[in-house]
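Peer 1: I have a structure I would like to understand better, so I am pasting it below and will then ask my questions one at a time.
What follows draws every value from the coordinates through simple rules; no lab data is involved. In this text the structure is predicted, and so the values were computed from the model without any measurement. Every residue, glycine as well, gets a Cβ built from its backbone with ideal geometry; the counts of neighbours run over all protein chains shown.
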Amino acid sequence: MSARLVSKGGLERIYRCCYLYKERLLRTQHRIIRSSLSEQAAEKVKSWILSLRLNPGERLIVDNLAEKLEISRTPIREGLQKLVSQGLVAYDGKSYSVMTFSQRDIENLFEIRCALETLAARQASERMSEELIDDLWSCYEEFQAQQPEKDIKEALSHDMRYHRIIREGAGNLRLKTMLDTLHNQIWWVIYQIYAGKPDEYKSRLSLPEHLAILKCIAARDGKGAAEAMERHLHRSESDMFLDLSWSES
């Protein structure tokens, strides 16, 4: 069987198709690499913000970050834009800086948190799996046994994990997404107020309130869970503002 000859024009079309395919493949690989680098940049800068290595209002200079992280400027900018969407970085159209929160901003943040977490507690009592309820019990018991160390990170991590399990158990993806966005801002505000004061922070947590919420969820008492969550958040917000006023005086 003789091989069919390909015309010169046919070969050119084949070469052209191969070239275009290679170009598309390279562009796709470049986007994947750039996306990965922007995620790395966002996570690194976020960790610096949440640990107070970067102070509220501090300018974030793209060239400096690119040099420090050994990443080009484009993924640095993309990473900073991700943090803008998370409410941790401000952008005025020309430059980036670490977000600052006024007392009114914090009040608004916690009002939104209270409304959303109250709904999450109600829905979790109706939808949470037995496995997640067991996880919530384990989290509470670990929280109860945990001792504060030099800073509040461990206590704050347990507290945030407790609330994260509840929003996961609510079975409401949109609600979880909104609360996940608030999570970093809430962590940052609380950490700024109580950094270096772990005993004071833990004394404000009120483990009995956490237990009351947990018992209502385990009993499938949606109304009770929502009311217990609302009481807990209103009380903790009130205490936090007292401590904020004291720390600023």
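Peer 1: Quick query: amide H of N172 versus all other amide H atoms, modeled in the peptide plane; which residues come in under 5 Å with a sequence gap of 5 or more or a different chain?
Peer 2: none
Peer 1: While we're on this one: So what are the ³J(HN,Hα) numbers for region 221-234, from phi and the Karplus equation (6.51, -1.76, 1.60; θ = phi - 60°), rounded to whole Hz, Gly and Pro as x?
Peer 2: Once θ is set to phi - 60°, the couplings for region 221-234 become 9, x, 5, x, 5, 5, 5, 5, 5, 4, 4, 4, 6, 5 Hz.
Peer 1: Turning to a different aspect of this structure: What number comes out for the charge environment of Q123, summing +1 per Lys or Arg and -1 per Asp or Glu over other residues with Cβ under 15 Å away?
Peer 2: +2
Peer 1: Ranking request for peptides 80-91, 157-168, 64-75: highest mean number of other beta-carbon atoms within 10 Å first, then the rest in descending order.
Peer 2: Result, highest mean first: 157-168, 80-91, 64-75.
Peer 1: Which cross-chain or sequence-distant (5 or more) residues have an amide H under 5 Å from the amide H of M99, H modelled 1.01 Å from N in plane?
Peer 2: G57, V89, A90
Peer 1: Residue by residue through region 98-105, what is 3J(HN,Hα) from phi via Karplus (6.51 cos²θ - 1.76 cosθ + 1.60, θ = phi - 60°)? Round to whole Hz and write x for glycine and proline.
Peer 2: 5, 4, 10, 10, 7, 4, 5, 4
Peer 1: Now a separate question. Explain nothing, just compute: Karplus ³J(HN,Hα) = 6.51 cos²θ - 1.76 cosθ + 1.60, θ = phi - 60°, for every residue of region 186-201 in order, whole Hz, x for Gly and Pro.
Peer 2: Those phi angles translate into 5, 3, 5, 4, 5, 5, 4, 6, 10, 4, x, 10, x, 5, 5, 5 Hz.
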